[in-house]
Structures are given as C-alpha cells and as structure tokens.
Amino acid sequence: MILVPSFLCVLLIQSPGTQQPEAHRQEPASGKTSQLSPVSDTSVQAALENGEAYLIKGEMSRALQEFKEVIQIDPKDSLAHYRIASIYFGRGNYDLALNSYRDALAGDDQPYWVEAWSHIQLGKIFDIRGQRERAVCEYRLAIQAGELAHGAIDQAQKLLDHPFQQP
C-alpha cells in the first residue's frame, strides 16, 4: 500500500459498477432554510424525481437533461452534480465525470453520502488513468468523510487494498 500524507492529498486533488446509495434529500445540518424560493424548491424536487425515474428506466440522456435542469435552478445541488457525474462515468467520459464529482463536492453537501461516494468515484477515475497516488488520496478522503450507512468506508478500504479495474 502506498502511504501519502493527508496534506499531499489536498494538493494532488487540486491539480489539474459500484454499489451506489439511493437518493435522500435532507435539510442542511446547520438548520438553515434553503436559499431557493418555494417555486424553485418544487421545480428542483420535480426535476430530481424525474431524473431518478429516467435513471431507473435506463434512459440516461433524459436523466441527464433533468439533472442539468436542476443545476440551472440550483447550481450548488450536490445530488444533481453527483448523478450527472455518474452518467458520464458510466459512459466512460472521465473528464466530464471528474469535473462533475468535484462540483458535487463543492456543492451543498446534500444528501450526506455524496461527499464520501464522490471521493470514491474520483479515486476510481484516477485508478483507471493509472494515477494510483491520487486514487489513494481520494479513498482516504472518503474514509475520513465517515459515511457508514451505504458502505462507503468498506468500499474505500477495499479500493485502497486493490486498485479499481474496469469491468
């Protein structure tokens, strides 16, 4: 196993097939209300639900359109960015996936599991590209996020031990 200090992980991250949890929208931990108007909240929720329905049906292009609509209304919606990234990842478009996972991490952190799973998916992209040190940093960040409910820590630990390989 390659050991990389935590401070180096941050620097590396800023340089230019897995189980995924279901969507659950939650209020921010701060207890603050959303900056969106009720109309926008309704539009965002409807577009997210439509996008999820299209994902289930396997209609990725339509799902992508719905999630992009969410981003137009709420550019900080982490779940929409995460779902967009997952679609790009599934298509093998790793550059767009990488950017969208980073956007998810820079967003509103809702739902809570997006942080850990975005780091895991970023790690996979780096493993695919042969950038193991960067992948290891991402897996460690996923573990630090401490998300247990959907198996993120276990998945990150497995990927630390054995690099991700495309199916």
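The values are calculated or read from the model by the stated rules, or taken from the named source; none is laboratory data. Only a predicted model underlies this, so the values are computations on that prediction, with no experimental measurement involved. Cβ sites come from the backbone with ideal geometry, for glycine too, and all protein chains shown count toward neighbours.
Taking region 152-166 only, how many residues are crowded, with 18+ Cβ neighbours inside 10 Å and either at pLDDT below 95 or closer than 20 Å to Y112 by Cβ (or both)?
4
Return yes when A106 is within 26 Å of Q45 (Cβ to Cβ), within 12 Å of the chain's Cα centre (by Cα) and surrounded by fewer than 16 Cβ atoms within 10 Å (Cβ to Cβ) and no when it is not.
Yes.
Does at least one position in region 85-92 carry a residue that is of a type outside the set (A, V, I, L, M) and in a loop (DSSP other than H, G, I, E, B)?
Yes.
All but one of (1) loosely packed, with under 15 Cβ neighbours inside 10 Å; (2) closer than 25 Å to E59 by Cβ hold for A85; which doesn't?
Exception for A85: condition (1).
State which residue is modelled with the lowest pLDDT when the search covers only region 133-149 and only residues that are surrounded by 15 or more Cβ atoms within 10 Å (Cβ to Cβ) and of a type in the set (D, E, K, R).
Selected residue: E147.
Test G51 against the stated conditions and say whether it is outside any helix (DSSP H, G or I), small (G, A, S) and out of contact with any strand residue (DSSP E or B) (no Cβ under 6 Å at 6 or more places or on another chain).
For G51, the condition - outside any helix (DSSP H, G or I), small (G, A, S) and out of contact with any strand residue (DSSP E or B) (no Cβ under 6 Å at 6 or more places or on another chain) - is not met.
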